[in-house]
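Read the structure below first, then the notes.
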Amino acid sequence: MLDLLPDLFDEHADKLALAAPIFKDYGGNTLFHGEIVTVSCFNDNSRVKELVATDGTNKVMVVDGKASITNALLGDMLAELAVKNGWQAIVINGCIRDAGTIATLPIAVKALGCCPIKTEKLGQGEVNQVISFANLSFTPGQYIYGDSNGLAISKALIAF
């Protein structure tokens, strides 16, 4: 299966909310779904680093980086750790770096763009708070679906 969202919207449009089309695909995978885990941070990926080191089975990390384009919130080492720990995808309202390497990894990564500059690690940011961007509110425990067609969320898991 290469396309998920068209079929989901054909069958379950009343249960889904579609994100604004602001993201680019960077990971080796483009199709994903899972339970939402959120991070809110600005130019500090300390919480992202902590989370990729935990079990991400059937989960998708959604990061509100406040649309910053001055620092990357995800690089190849953190993406590799996310793969090792079973994360399905990482969606970032901000930038990544090491795009060439991330493109070879078996994980979906959506972000606004790329920036080669890493963040400082100051221990700032919040985990599992409701965050909003791309015309959606992302609530921990809800579900997210993505492919090359875009990104959508639902309150409950949709079987497909």
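Read the figures in this text as sums done on the coordinates, not as results from a lab. Small disclaimer: the values here were computed from a predicted structure and weren't measured. Methodologically, a virtual Cβ is constructed for each residue, glycine included, from the backbone with ideal geometry; neighbour enumeration extends over all protein chains shown.
Considering only strands (runs of 3 or more DSSP E) fully contained in the stretch 61-160, which possess at least 1 residues that are among the hydroxyl-bearing types (S, T, Y) and surrounded by fewer than 15 Cβ atoms within 10 Å (Cβ to Cβ)?
Working: elements: 72-74, 89-96, 108-114, 131-133, 136-138, 143-147, 150-154.
By residue number, 131-133, 136-138.
Please name all residue pairs, on different chains or six or more residues apart, with Cβ atoms under 8 Å, provided the first residue is in the stretch 125-149 and is more than 17 Å from R47 (Cα to Cα) and the second residue is in a loop (DSSP other than H, G, I, E, B) and of a type in the set (S, T, N, Q).
Correct list of pairs: G146/T30; D147/T30; S148/T30.
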